[in-house]
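What follows is calculated from the coordinates using simple rules that are stated; it is not laboratory data. Note that the coordinates shown come from a computational prediction; the quantities given were computed from them, not determined experimentally. Note: ideal-geometry Cβ built from the backbone for every residue, glycine included; neighbour counts use all protein chains shown.
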Amino acid sequence: MRIWCVIIACIWMVGFSQEPFASTQNGWEERRSFFQKNGYLWIKQFYSPDQVLLLKDWADQIHQSSLTLAALSKSSGLPLQILAQKMRGSLIVVPEAGNPSQICRAEDLLSCYPDLHQFVFGTLTTYLTTLLNEPYTLFKDKINFKWPGGGAFPPHQDFPAFEFFGPREHVSVMVCIDRATLENGCLHIAQNWRETFRGMDGIDPQLLENGTAVLPYIVGGKNHGTIQPLYADKISWLPIEAAPGDVVFFNSYIPHYSEPNRSDAPRRAMFFTHNRLKEGEYRETYYYTKRADPDNPAFHFATPTMSRMK
């Protein structure tokens, strides 16, 4: 399987025939306009069935590696954060705050799985560069494991967690591994959020008009990073009940959240965050900092995980 995955990565247009937009110049312009206006773009059946199987295989391997690291942490007495510092070629594994025996997230996937790196570059990064008419580069990468009973990711924006690293705008791509439903905690995206807060006190009107406003959020405590309820309650939310192989592009300012997994099936999704290449390459710096200071609350922004402020 690993031999032919690079070949698949090069055929990056495979699986796009079911897009809601035609693959023409006008189609690209329509997609670009939709993304710029709404802050997100959901493409169904982006990946072919064979590519979906490949992604599921990677997800299984990553989870098994995460469990191995968790077992090593238990047997050695070294916390997972210390292992991440000492084993820089390993995954960064984060357990759930409410269930430390359950893996919530694994990061720095591409350092451990170079074939996955080639696959992502040949599909998502290439597509994003074409979509937005400028080169993009990877900023961070992770997989969220939302197992049955897995915790929620409350309403938040990504930018405040990223702003200290340099780039002023990011685009994340969610790759759906399992079918996402209301019951298992699918992603919810804010609809027309700029119109919702137009004229509201406490929000810079120019930044809001540009789609780069940061809504007031909670600092510290178990809800660190969560948009303040006064603002979150005003948002109209769109549930993304995505199927395996679907992808969702969304920028770092659009509010989003997900509910707990109340089903008996997993809801796994990979997230590949990019920034404009002209703003620099920050992925190495991001993960160096994360390994050195894993409990920094910036790395636990609106997540069901623990940091030193929670």
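Using only side-chain charges placed at the Cβ, +1 for Lys and Arg and -1 for Asp and Glu, the dipole size of the chain relative to its Cα centre rounds to 580 debye.
What's the whole-number percent of alpha carbon pairs in region 90-192 lying beyond 22 angstrom? Show your work: numbers first, answer last.
On the way: 2263 of 5253 pairs.
Of the Cα pairs, 43 percent sit more than 22 Å apart.
Under 13 Å of direct C-alpha separation, and excluding same-chain neighbours fewer than eight residues apart, Lys37 reaches these aspartates and glutamates: Glu29, Glu195, Glu209.
Going down the list Lys44/Lys74; Lys74/Lys290; Lys44/Lys222; Lys222/Lys278; Lys140/Lys222, which pairs span over 32 Å between their C-alpha atoms? Let's see the in-between values first.
Working: Lys44/Lys74 41 Å; Lys74/Lys290 21 Å; Lys44/Lys222 34 Å; Lys222/Lys278 36 Å; Lys140/Lys222 24 Å.
From the list (Lys44/Lys74; Lys74/Lys290; Lys44/Lys222; Lys222/Lys278; Lys140/Lys222), the Cα-Cα distance tops 32 Å for Lys44/Lys74; Lys44/Lys222; Lys222/Lys278.
A simple count of charges around Glu107, restricted to other residues whose Cβ falls under 9 Å of its Cβ and scoring Lys, Arg +1 and Asp, Glu -1, yields +2.
Using 0.36 nm per residue and subtracting the Cα-Cα separation, the extra length available between Asp115 and Asp295 on full extension is 61.8 nm. Sorted ascending by nearby beta carbons within 10 Å, beginning with the fewest, Val219, Val214, Val93 become Val219, Val214, Val93. What FRET efficiency, computed as 1/(1 + (r/R0)^6) with R0 = 41 Å and r the Cβ-Cβ distance, is obtained for Leu230 and Arg179, rounded to the nearest 0.05? Result of the calculation: an efficiency of 0.75.
Does region 171-310 come out rounded, prolate or oblate, given a ≥ b ≥ c as the square roots of the eigenvalues of its C-alpha gyration tensor, rounded meaning a/c under 1.5 and, failing that, prolate meaning a/b above b/c?
Numbers: a/c = 1.29, a/b = 1.07, b/c = 1.21.
Verdict is rounded for region 171-310.
Only helical runs count toward this figure. For the chain, summing -39,500 (n - 2.57) over DSSP H runs of n ≥ 4 and dividing by all residues gives -9500 deg cm²/dmol at 222 nm. Straightening the chain between Thr129 and Asp60 buys 22.0 nm, computed as 0.36 nm per residue apart minus the Cα-Cα spacing. Counted by Cβ distance under 15 Å from Thr273, the other residues give a net charge of -2, where Lys and Arg count +1 and Asp and Glu count -1.
Work out the FRET efficiency for Asp204 and Ser75 from their Cβ-Cβ distance, taking R0 = 35 Å, and round it to the nearest 0.05. Could the numbers behind the result be given before it?
Numbers: r = 51 Å, r/R0 = 1.47.
After rounding, the FRET efficiency stands at 0.10.
Phi-derived couplings, Karplus 6.51 cos²θ - 1.76 cosθ + 1.60 at θ = phi - 60°, listed residue by residue for region 145-160: 9, 9, 7, x, x, x, x, 7, 10, x, x, 7, 10, 7, 4, x Hz, with x used for Gly and Pro.
Kirkwood radius for the chain, taken over all pairs of different Cα atoms as the inverse mean of 1/r, rounds to 19.9 Å.
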